[in-house]
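Q: Take a look at this one; I'll ask things after.
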Amino acid sequence: MIASPERKVLFVHVQKTGGSSIEAFLLARLPGAVQVKGLAGGRHATLRQAIRAQPDMAGYWSFGFVRNPWARMHSWHSMIVRRGEGARAGNPVLRERIRAPFWGGILERYPSFEEFVLDAPEEFDRLRRPQLDYLRAGRTRADFIGRTEQLDADLAWVCERLALPARDEAPRRNVGPTTNYREHYTPAMRDRVAKDFAPDIAEFGYEF
């Protein structure tokens, strides 16, 4: 989560929606931008958690991004598996990261994508939490919700709204798998994601 008290702007970082790239851009270009510390959800804290901890943020202009839930889950699992491989190859940063309960738990108990989708959400509620939950606080809702599928265009609109220079063309961070996510789903997996993320699907019209 990034905030600028100077410009009264708040970016809510929903996992696997292009947020790392957006954070890097804001820290470089948005005056007064800082990583918000001390929130229960860490860098992926919700709008509710931010406002509860710092009530003045209720008056900030807030925004975040969402993503097709089926594509997001596949990208999430692929990232964890990829970084697990990096840790086993000796990367010290990744070796430390996979000691965390979430990453380590996924790699140990839910290594396949099918297990990740069908079983892991029972242990890790973040895997079944609608993205909209991150972008709402009671009746308050993020002022702008962009889509990862059109990230460049939506971020360009944010830049115009905030009078920021357009983002330079640069490789995105945490780039996901290149294969079509649909190839990796069984009907049961597809239906599980549809159930867990029904609010996102209804709100944004996402389809498998």
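The values are calculated or read from the model by the stated rules, or taken from the named source; none is laboratory data. Nothing here was measured: the structure is a model prediction, and the numbers come from that model. Virtual Cβ from ideal backbone geometry, glycine too; neighbours counted across all protein chains shown.
Q: So which residues in segment 124-152 are farther than 14 Å from Thr17 by Cα and small (Gly, Ala, Ser), if there are any at all?
A: Once the filter is applied, which keeps residues that are farther than 14 Å from Thr17 by Cα and small (Gly, Ala, Ser), segment 124-152 yields Ala137, Gly138, Ala142.
Q: Out of curiosity, is Ile22 modelled with pLDDT of 95 or more and more than 24 Å from Asp152 (Cβ to Cβ)?
A: no
Q: Hey, Ile2 hits all of (1) among the β-branched types (Val, Ile, Thr); (2) touching a Gly at 6+ places or on another chain (Cβ under 7 Å); (3) without any contact (Cβ under 8 Å) to a residue 40 or more places away in the chain but one; which does it fall short on?
A: Only one criterion is unmet by Ile2, namely (2).
Q: Tell me whether segment 90-104 contains one or more residues that are among the β-branched types (Val, Ile, Thr) and surrounded by 19 or more Cβ atoms within 10 Å (Cβ to Cβ).
A: yes
Q: While we're looking at this one, here's another question. Of all residues being hydrophobic (A, V, I, L, M, F, W, C) and closer than 13 Å to His13 by Cα in segment 35-45, which is surrounded by the fewest Cβ atoms within 10 Å (Cβ to Cβ)? Just the residue, please.
A: Looking at residues that are hydrophobic (A, V, I, L, M, F, W, C) and closer than 13 Å to His13 by Cα, I get Leu39.
Q: Scan segment 39-95 residue by residue and report those that are among the hydrophobic types (A, V, I, L, M, F, W, C), under 21 Å from the mean Cα position of the chain (by Cα) and in a loop (DSSP other than H, G, I, E, B).
A: Answer for segment 39-95, where residues must be among the hydrophobic types (A, V, I, L, M, F, W, C), under 21 Å from the mean Cα position of the chain (by Cα) and in a loop (DSSP other than H, G, I, E, B): Leu39, Ala40, Ala45.
Q: Also, I was wondering about something else. Checking the structure you have, find out if any residue of segment 146-163 is surrounded by 18 or more Cβ atoms within 10 Å (Cβ to Cβ), in contact (Cβ under 8 Å) with a residue 40 or more places away in the chain, assigned to a loop (DSSP other than H, G, I, E, B) and assigned by TED's automatic domain parsing to the domain that holds Ala45.
A: Within segment 146-163, none of the residues are surrounded by 18 or more Cβ atoms within 10 Å (Cβ to Cβ), in contact (Cβ under 8 Å) with a residue 40 or more places away in the chain, assigned to a loop (DSSP other than H, G, I, E, B) and assigned by TED's automatic domain parsing to the domain that holds Ala45.
Q: Does Pro31 fit the bill of being within 23 Å of Arg190 (Cβ to Cβ) and part of a loop (DSSP other than H, G, I, E, B)?
A: no
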